[in-house]
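Working notes, beginning with the structure itself.
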2 protein chains.
Amino acid sequence: MATRRLRARGRRAGQRDTRGLLLDATAALLSERSNLDVSLSDIAKRSGLNSALIKYYFGNKDGLFLALLERVADKAMGELQSLVDMPISADQKLRIHISGIINTYFRSPYVNHLIKHMIVASTPEAADRVAEIFVKPMIDVYHKIIAQGITEQRFRPIEPGMLYYSLVGACEHIFYASYSLPRTFGVGELSEELKQRYLEHVVDISMNGILVARAR
Amino acid sequence: MATRRLRARGRRAGQRDTRGLLLDATAALLSERSNLDVSLSDIAKRSGLNSALIKYYFGNKDGLFLALLERVADKAMGELQSLVDMPISADQKLRIHISGIINTYFRSPYVNHLIKHMIVASTPEAADRVAEIFVKPMIDVYHKIIAQGITEQRFRPIEPGMLYYSLVGACEHIFYASYSLPRTFGVGELSEELKQRYLEHVVDISMNGILVARAR
């Protein structure tokens, strides 16, 4: 009995490892590219596993992509929850959060490409799943941070759902509209320096928008 | 001589009318849809003209779409210039401008779909042309409005190029991320009432972000 249980546990751990290795390989390959053009055989090769395992665990490439997004969301929402639980002001929490969003877009653009793909090119169910794992938990966190900021008499009353769209839109647009950077800033792509200037601009203008005037 | 000149003028006017009729038909059809799935024969049928004329004037569907975007940009930038020239405060100009962007996204979503298509699925030249006709003139206008606002001692110093991305991103994101509306606001699509609430939120938070504290 004990042996059988141990063996079953071993099989489950092996499954988790195989899934994880395939997701690791996908994330690594996507991080190296500016698009989602990665084949199942590329992923199999990078992971050292057979591509049939991708079909076995994820069904198809979109299934694999969604599983990768779920892992990314899990980690990001865990970090966001840790931020909410920190013994610092709501003001500081929001500044750290805004910096985190922009730095993630900058360092891991594939996450944004995956989300875009799920919304535009995949099924309505996949788009709804993205909303469930990314949008809903963020708005729940915004509820908590705004409530804390109001208690601290530093935030104006702002509707969390509305703030989600306006803030994420502000963080994201320079990445989405990168095609226009040659005409606006005379550069082919977003440099670390320009990203940092944009980050400071978004933090500055958003925090000024949210804080009560006397709190600045 | 006079007759020949008149005839040539008549031909030019006829060309303008034909081009204009084809663009009118395209705009009308796109306004009725939630995507860009419109065929050349649909457009020909709606305009009452032969679809060969589309190829003659615009080359292909992307050429037609770009020409339509140029006409939309021409009109929008003309209106924006009129706004800049109005004898009102920079504060009022920016509020009107933000409302204008959000109302345009709401009333004519096809413009946004066309821009997205040009950026993502068309040629790099088409994407650059979009930046030239939409992004560059808007940033030029932001330069003027911000300079006026600073002279009036109402605006903090804000970099116009940075403001372009953060403000347009804030205006746009609820439309881009409409897939998440069922989970965030429990609605299938953006209603007039929700759009209006979002508009007021973006005006409020942006103006608070831009204005000096004592100017509110």
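Looking only at residues in segment A:206-216 that are of a type in the set (A, V, I, L, M) and farther than 24 Å from A:Pro137 by Cα, which one is nearest to the other protein chains (Cβ to nearest Cβ)?
So the residue we want is A:Ala213.
Test B:His143 against the stated conditions and say whether it is at negative phi and more than 10 Å from chain A (Cβ to nearest Cβ).
yes
Can you tell me which residue within segment A:183-196, out of those that are facing chain B (nearest Cβ under 7 Å) and assigned to a helix (DSSP H, G or I), is surrounded by the fewest Cβ atoms within 10 Å (Cβ to Cβ)?
Per the criteria, the residue is A:Arg183.
Would you mind stating whether A:Thr26 is of a type outside the set (Gly, Ala, Ser), open to solvent by less than 50 Å² (accessible area, probe 1.4 Å), at pLDDT 95 or above and in contact with a Leu (Cβ under 7 Å, 6 or more places away or on another chain)? Outline the logic, then answer.
Details: of a type outside the set (Gly, Ala, Ser): yes; open to solvent by less than 50 Å² (accessible area, probe 1.4 Å): yes; at pLDDT 95 or above: yes; in contact with a Leu (Cβ under 7 Å, 6 or more places away or on another chain): yes.
Judged against the criteria, A:Thr26 is a match.
Can you list residue pairs whose Cβ atoms sit under 9 Å apart, with the first residue in segment B:165-178 being facing chain A (nearest Cβ under 7 Å) and the second being aliphatic (A, V, I, L, M) and not in a helix (DSSP H, G or I)? Count only pairs 6 or more apart in sequence or on different chains.
B:Tyr165/A:Ala177; B:Val168/A:Ala177; B:Gly169/A:Ala177; B:Ile174/B:Leu190
Regarding A:Lys75, is this residue at pLDDT below 95, more than 30 Å from B:His117 (Cα to Cα) and part of a helix (DSSP H, G or I)?
Answer is yes for this residue.
Could you give me the residue pairs with C-beta distances under 6 Å whose first residue belongs to segment A:101-118 and is under 20 Å from A:His201 (Cα atoms), whose second residue is open to solvent by 20 Å² or more (accessible area, probe 1.4 Å) and modelled with pLDDT of 90 or more wherever it lies, and which are 6+ apart or on separate chains?
Taking only residues 6 or more apart or on different chains, the pairs are A:Tyr105/A:Phe175.
Can you tell me which condition B:Asn60 does not meet? The list is (1) within 30 Å of B:Leu163 (Cα to Cα); (2) out of contact with any Lys or Arg (no Cβ under 8 Å at 6 or more places or on another chain), and all the others hold.
Of (1) within 30 Å of B:Leu163 (Cα to Cα); (2) out of contact with any Lys or Arg (no Cβ under 8 Å at 6 or more places or on another chain), only one is false for B:Asn60: (1).
Within segment B:29-42, track down each residue that is outside any helix (DSSP H, G or I) and either basic (Lys, Arg) or open to solvent by less than 50 Å² (accessible area, probe 1.4 Å) (or both).
B:Arg33, B:Leu36, B:Val38, B:Ser39
Take segment B:43-81 and flag every residue that is in contact (Cβ under 8 Å) with a residue 60 or more places away in the chain and either in contact with a Pro (Cβ under 6 Å, 6 or more places away or on another chain) or open to solvent by less than 20 Å² (accessible area, probe 1.4 Å) (or both).
B:Leu69, B:Ala73, B:Met77, B:Leu80 - these are the residues of segment B:43-81 that are in contact (Cβ under 8 Å) with a residue 60 or more places away in the chain and either in contact with a Pro (Cβ under 6 Å, 6 or more places away or on another chain) or open to solvent by less than 20 Å² (accessible area, probe 1.4 Å) (or both).
The values are calculated or read from the model by the stated rules, or taken from the named source; none is laboratory data. As the structure is a computational prediction, the values presented were derived from the model and not from experiment. Note: ideal-geometry Cβ built from the backbone for every residue, glycine included; neighbour counts use all protein chains shown. What goes into the accessible areas is simple: the full protein's heavy atoms, side chains included, and nothing from ligands, DNA or RNA. Shrake-Rupley method; radii C 1.70, N 1.55, O 1.52, S 1.80 Å.
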